[in-house]
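Structure record follows, encoded as structure tokens.
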Amino acid sequence: MVQVPEKEQQILTAHSGLIHRVVKACANRAQVPDLDQVLYQAEQNDWHTLVKAIRKILKGERDLAAFRELDEEDSVIIESILRGLQNPETLPSLDANYDPNVAAPGIASMVHTVRRGNVEALQLISNMAVQMHQAGGDMGRLAAIMRPLIEGERDPDKLCEGFTDAGQKLVLDILAELTKLEAH
């Protein structure tokens with residue numbers, strides 16, 4: 001895989017499922033029958049510019065210059081898709097682990113926000129869970145515990161079941177962050 005700065009790597013890790021799906025769909029749309037639903041969900045979360053760019057790629061656009069209007073995060077995603085179309089070996093790993101120092105506070109914050117009734121955060125965490133599920137491994141398992149976390153489950157033994165050591169650390173870090181957020 002191409003070496004990229006840490007911030008870009010976090011973006012690629014977070015969106016690796018989507019990146020792989022778009023590259024796969026460009027080769028054979030029938031391989032990704034739910035891509036339109038994924039893109040629809042992304043639009044519902046105000047990712048209009050990113051979805052527009054992805055649709056350009058699906059229609060055959062391959063010139064990076066056609067995507068100058070994108071912000072930094074969207075640019076990283078689109079550049080990864082275009083690189084992946086040229087050389088699939090450059091695609092971000094679906095097995096890559098999130099940096100727990102970044103992921104735990106972010107996930108905990110979203111769970112806490114959803115528990116307080118924020119519909120936009122619920123949509124965002126739902127989309128994120130879909131991508132994590134597609135990644136499989138610990139990320140797929142983390143997707144499976146989102147609902148229990150939102151519903152208030154805090155038993156580490158139940159939540160950590162089936163995770164690797166690294167995944168268990170991430171779950172415990174999320175629980176620690178939730179404890180801090182819920183104390184206020």
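Annotations
- Neighbour-limited loop hits for trypsin sites (Lys or Arg not before Pro), segment 49-83 (at most 14 other Cβ within 10 Å; DSSP other than H, G, I, E, B): Lys59, Arg62, Arg68
- Rounded, prolate or oblate (a/c below 1.5 giving rounded, otherwise prolate when a/b exceeds b/c) for segment 100-182 by Cα gyration tensor: oblate
- Lys pairs under 23 Å by Cα in the chain, provided they are eight or more residues apart or on distinct chains: 7
- Backbone geometry of segment 110-124 corresponds, through the Karplus equation with coefficients 6.51, -1.76 and 1.60 at θ = phi - 60°, to 3J(HN,Hα) couplings of 5, 4, 4, 5, 5, 4, 8, x, 7, 5, 4, 5, 5, 5, 5 Hz, x marking Gly and Pro.
- Length added when fully stretched, Glu61-Ser93, from 0.36 nm per residue minus Cα-Cα: 9.1 nm
- Karplus-derived 3J(HN,Hα), 6.51/-1.76/1.60, for each residue of segment 79-91, Hz, glycine and proline x: 4, 5, 4, 5, 4, x, 5, 7, 8, x, 5, 8, 5
- When you restrict to C-alpha pairs under 8 Å that are six or more residues apart and normalise by the size of the chain, the relative contact order lands at 25 percent.
- Tilt relative to the chain, helix 48-58 - C-alpha long axis, 0 to 90 degrees, to 10: 50 degrees
- Restricting segment 114-184 to GluC sites (Glu not before Pro) that sit in a DSSP loop and have at most 11 other Cβ atoms within 10 Å of their own Cβ leaves Glu151.
- 3J(HN,Hα) from dihedral phi, segment 166-178, Karplus parametrisation 6.51/-1.76/1.60, rounded to Hz, x for glycine, proline: 5, x, 4, 4, 4, 4, 5, 5, 4, 4, 5, 5, 4
- All alpha carbon pair distances within the chain were sorted into 10 Å bins beginning at 0; the resulting P(r) in whole percents reads 9, 36, 34, 17, 4, 0.
- Rounded tilt (10° steps) of 16-27 against the dominant C-alpha axis of the chain: 30 degrees
- Rounded if a/c under 1.5, otherwise prolate or oblate - segment 6-90, Cα gyration tensor axes: rounded
Just so you know, all these numbers are worked out from the coordinates, no wet-lab data involved. From a predicted model like this one, the values you see are computed outputs, not experimental measurements. Counting neighbours? That spans all protein chains shown, and the Cβs are built from the backbone with ideal geometry, glycine included.
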